[in-house]
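Contents: one structure, followed by commentary.
The values are calculated or read from the model by the stated rules, or taken from the named source; none is laboratory data. As the structure is a prediction and not an experimental result, all values here were calculated from the model. Positions of Cβ are backbone-derived with ideal geometry, glycine not excepted, and every protein chain shown enters the neighbour counts. Note: accessible area is taken over every heavy atom of the protein model, side chains too, but ligands, DNA and RNA are not part of it. Shrake-Rupley method; radii C 1.70, N 1.55, O 1.52, S 1.80 Å.
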Amino acid sequence: DGQTREYIYRSKLPDIEIDNNQNLARYSLEKVGDHLDRPALIDGTTGLEYTYRETELLTRKIAAGLNNLGIQKGDVLALLLPNCCEFVLVFLGSAIRGSIVTTANPFYTPGEIAKQLNACRTKLIVTQASYVDKVRDLGCTIVTIDSPPEGCLPMSVLMEADENDCPQVEVDPDDVVCLPYSSGTTGLPKGVMLTHKSLISSVAQQVDGENPNLNIVADDVMVCLLPMFHIYSLNSVLLCSLRVCCTLVIMHKYEISQLLELIQKYRVTVLPVVPPIVLGIAKSPIVGNYDVSSVKVVLSGAAPLGKDLEDAFIAKLPGAVIGQGYGMTEAGPVLSMCLAFAKDPYPVKPGSCGTVVRNAEVKIVDPETGDSLPHGQAGEICIRGPQIMKGYLDNPEATANTVDKEGWLHTGDIALIDSDEEVFIVDRVKEIIKFKGFQVPPAELEGILVSHPLITDAAVVPKKDEGAGEVPVAFVVKAKDAVLTEDDVKTFVAKQVVFYKKLHSVIFVDSIPKSPSGKILRKDLRCLV
Ligand code: AYL
């Protein structure tokens with residue numbers, strides 16, 4: 001009858017009941033009653049610890065403190081922090097208050113920060129003294145976790161508030177709780193509205209149920225070396241560890257010998273990483289000097305991990321199982337997770353990004369015809385479920401281009417699913433460049449380039465790189481008779497962006513190839529670098 005069959009893929013694990021109609025903070029700390037004296041958060045540098053009892057109380061104090069500072073339900077506050085205990089406490093305190101946390105990289109330039117914080121009408125910033133000068137002009141209340149510079153408030157206004165001062169806040173499951181920024185499949189960074197329901201669902205899909213996909217338990221010790229301002233760490237590390245009441249050892253910044261020391265000292269069992277860290281450990285000559293035998297699970301995500309690297313890594317940590325998670329900020333973020341991490345594990349293949357999480361549906365869509373494809377055929381991977389974003393902030397058009405009318409989120413990644421239900425990412429059709437797992441949005445760099453008076457047109461594309469995965473490379477059209485060197489262009493961009501968005505090289509050309517509608521033909525450029 002001309003009707004094509006829909007091929008929809010599901011987890012091998014049965015769906016579970018998810019109580020996603022509650023506050024994210026309540027869900028995350030639901031089980032603390034049985035673990036009150038267990039360390040929840042340990043600062044890896046200072047050794048300072050917060051038990052689950054202290055953590056739970058502090059989140060309520062912070063909710064009250066935010067309320068005292070005039071933060072209302074639905075207001076946005078920004079966390080501009082390196083990894084630290086306060087990040088976790090304020091994130092949850094804000095959820096209790098019913099407000100929204102936007103996260104940004106503290107290494108961002110003032111310009112990058114201003115764009116994001118103004119766009120989402122940030123009221124309050126929690127940061128550290130050394131970053132205050134970047135945000136003074138934004139008209140926000142500023143709280144610092146260390147000694148406050150003039151005009152800023154000390155962290156005690158939050159941590160020492162009376163927990164009874166917070167009004168009872170009813171949250172709707174579709175209220176936004178977290179607003180990370182992502183450029184998605186095209187264009188500039190946009191606010192990704194993640195709700196209480198999305199994040200509860202995503203965490204539950206990973207660690208809840210009789211046979212959790214990611215089997216972590218209260219006795220586990222997880223190390224948090226990935227930046228909490230990125231949704232990978234915020235969700236799969238921070239929220240998942242709180243949900244199961246295990247101990248989170250926090251690193252302010254990643255450094256391999258400190259990581260190895262912490263693994264040995266705290267008997268770390270779960271190690272969430274990105275591929276460049278896997279590479280660093282695989283190549284490191286010092287791993288053998290430490291007892292790393294406690295590590296059971298190594299979760300890699302945010303960028304592709306090849307088989308050779310996996311093998312080289314496991315030679316250094318023979319007691320561990322390594323596998324991947326595949327995520328995208330807009331997807332809540334986890335789409336698929338390695339089933340070797342399940343309580344009753346399944347065999348998995350190297351290079352696989354796992355199997356779609358439970359309580360969700362995936363399909364592989366032929367980009368030409370829009371038809372869904374059977375096992376073994378590659379196409380755009382799309383996901384549907386309670387965990388995906390509500391949409392982009394103030395941008396219904398971009399939302400409609402990403403989440404279709406039937407609720408499918410289109411990722412811009414090309415994947416196939418094999419007959420064992422394992423997902424393999426084989427290509428990317430969206431613009432985004434990934435430097436060590438960090439997003440580098442070409443449109444942002446192109447905007448900066450064409451703002452230069454001697455540049456008339458520009459396009460930025462990824463180039464493969466062993467250490468970083470990909471690096472950004474620019475094609476630049478100079479104005480007539482302009483004198484402009486590669487270094488001039490690189491410096492001009494470098495002053496305006498965080499380190500990982502810096503141009504690796506510049507290629508001068510006469511024109512940028514474009515489609516009749518004016519879209520940059522990135523494919524034609526990618527093969528030139
Ligand atoms: P964003 N393999 C290949 N590419 C990947 C993978 C992977 N395992 N994971 C993410 N990507 C790429 O929004 C892919 O192109 O979120 C995807 O669309 O910064 C893009 O990165 C999304 O980049 C986890 C595990 C979260 C991973 C994540 C990734 C979040 C990255 C939670 O448990």
query = (1) open to solvent by less than 10 Å² (accessible area, probe 1.4 Å); (2) farther than 30 Å from residue 26 by Cβ; (3) in contact (Cβ under 8 Å) with a residue 24 or more places away in the chain: which one isn't true of residue 132, the others all being true?
reply = (3)
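Determine whether residue 464 is open to solvent by less than 60 Å² (accessible area, probe 1.4 Å), of a type in the set (Lys, Arg) and within 16 Å of the ligand (Cβ to nearest atom).
Values: open to solvent by less than 60 Å² (accessible area, probe 1.4 Å): no; of a type in the set (Lys, Arg): yes; within 16 Å of the ligand (Cβ to nearest atom): yes.
It is false that residue 464 is open to solvent by less than 60 Å² (accessible area, probe 1.4 Å), of a type in the set (Lys, Arg) and within 16 Å of the ligand (Cβ to nearest atom).
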ask   = Can you name every residue in region 301-317 that is closer than 17 Å to residue 347 by Cα and either buried (at least 20 other Cβ atoms within 10 Å of the Cβ) or not β-branched (Val, Ile, Thr) (or both)?
value = 307, 310, 311
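How many of the residues in region 186-206 are open to solvent by 10 Å² or more (accessible area, probe 1.4 Å) and either in contact with a helix residue (DSSP H, G or I) (Cβ under 8 Å, 6 or more places away or on another chain) or among the acidic types (Asp, Glu) (or both)?
Residues of region 186-206 that are open to solvent by 10 Å² or more (accessible area, probe 1.4 Å), as a first pass: 186-190, 193, 197.
Going one step further and asking which of them are either in contact with a helix residue (DSSP H, G or I) (Cβ under 8 Å, 6 or more places away or on another chain) or among the acidic types (Asp, Glu) (or both), we end up with 186-190.
Residues flagged as open to solvent by 10 Å² or more (accessible area, probe 1.4 Å) and either in contact with a helix residue (DSSP H, G or I) (Cβ under 8 Å, 6 or more places away or on another chain) or among the acidic types (Asp, Glu) (or both) within region 186-206 amount to 5.
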message = Yes or no: region 329-352 includes at least one residue that is open to solvent by less than 40 Å² (accessible area, probe 1.4 Å), in contact with a Pro (Cβ under 7 Å, 6 or more places away or on another chain), among the hydroxyl-bearing types (Ser, Thr, Tyr) and closer than 26 Å to residue 407 by Cα.
response = yes
message = Condition first: at positive phi, in a strand (DSSP E or B) and crowded, with 16+ Cβ neighbours inside 10 Å. Can you find one or more residues in region 386-393 that meet it?
response = yes
key: Those strands (runs of 3 or more DSSP E) lying entirely in region 15-99 with at least 2 residues buried (at least 24 other Cβ atoms within 10 Å of the Cβ)   = 39-43, 76-80
query = Only one residue in 362, 348, 356, 298 is under 25 Å from residue 18 (Cβ atoms), touching a helix residue (DSSP H, G or I) at 6+ places or on another chain (Cβ under 8 Å) and among the aliphatic types (A, V, I, L, M), so which one is that?
reply = 348
task = Could you please give the count of residues in region 473-527 that are among the hydrophobic types (A, V, I, L, M, F, W, C) and part of a helix (DSSP H, G or I)?
result = 6
inquiry  = I'd like to check something: does region 175-185 contain any residue that is of a type in the set (Asp, Glu), over 21 Å from residue 336 (Cα atoms), open to solvent by 10 Å² or more (accessible area, probe 1.4 Å) and assigned to a loop (DSSP other than H, G, I, E, B)?
reply    = yes
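Has region 319-335 got at least one residue that is among the aliphatic types (A, V, I, L, M) and more than 20 Å from the chain's Cα centre (by Cα)? Show your work before the answer.
From region 319-335, those among the aliphatic types (A, V, I, L, M) are 320-322, 328, 331, 334-335; that's our starting set.
This time we only want the ones that are more than 20 Å from the chain's Cα centre (by Cα), so: 320-321.
Within region 319-335, one or more residues are among the aliphatic types (A, V, I, L, M) and more than 20 Å from the chain's Cα centre (by Cα).
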remark   = Scanning region 494-518 for residues that are more than 30 Å from residue 309 (Cβ to Cβ) and either modelled with pLDDT of 95 or more or open to solvent by less than 70 Å² (accessible area, probe 1.4 Å) (or both) gives 495, 496, 508, 509, 510, 511, 512, 513, 514, 515, 518
key: Among the residues listed as 280, 332, 319, 325, the single one being farther than 20 Å from residue 352 by Cβ and within 16 Å of the ligand (Cβ to nearest atom)   = 332
key: Exclusive hit being of a type in the set (Gly, Ala, Ser), touching a Gly at 6+ places or on another chain (Cβ under 9 Å) and closer than 25 Å to residue 42 by Cβ, set 119, 129, 95, 161   = 161
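Got a sec? Which helices (runs of 4 or more DSSP H) wholly within region 215-328 have at least 1 residues that are closer than 24 Å to residue 466 by Cα? Walk me through it before giving the result.
Numbers: elements: 240-244, 256-266, 275-283, 307-316.
The qualifying helices (runs of 4 or more DSSP H) are 256-266, 275-283, 307-316.
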message = Yes or no: region 356-365 includes at least one residue that is closer than 27 Å to residue 427 by Cα, out of contact with any Asp or Glu (no Cβ under 9 Å at 6 or more places or on another chain) and within 11 Å of the ligand (Cβ to nearest atom).
response = yes
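Might you check whether a residue that is within 22 Å of residue 82 (Cβ to Cβ) and modelled with pLDDT of 95 or more occurs anywhere in region 207-220? Walk me through it before giving the result.
Within region 207-220, the subset within 22 Å of residue 82 (Cβ to Cβ) is none.
For region 207-220, residues within 22 Å of residue 82 (Cβ to Cβ) and modelled with pLDDT of 95 or more: absent.
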query = Consider residue 437 against the criteria (1) at positive phi; (2) touching a Lys or Arg at 6+ places or on another chain (Cβ under 6 Å): it satisfies all of them except one. Which criterion is unmet?
reply = (2)
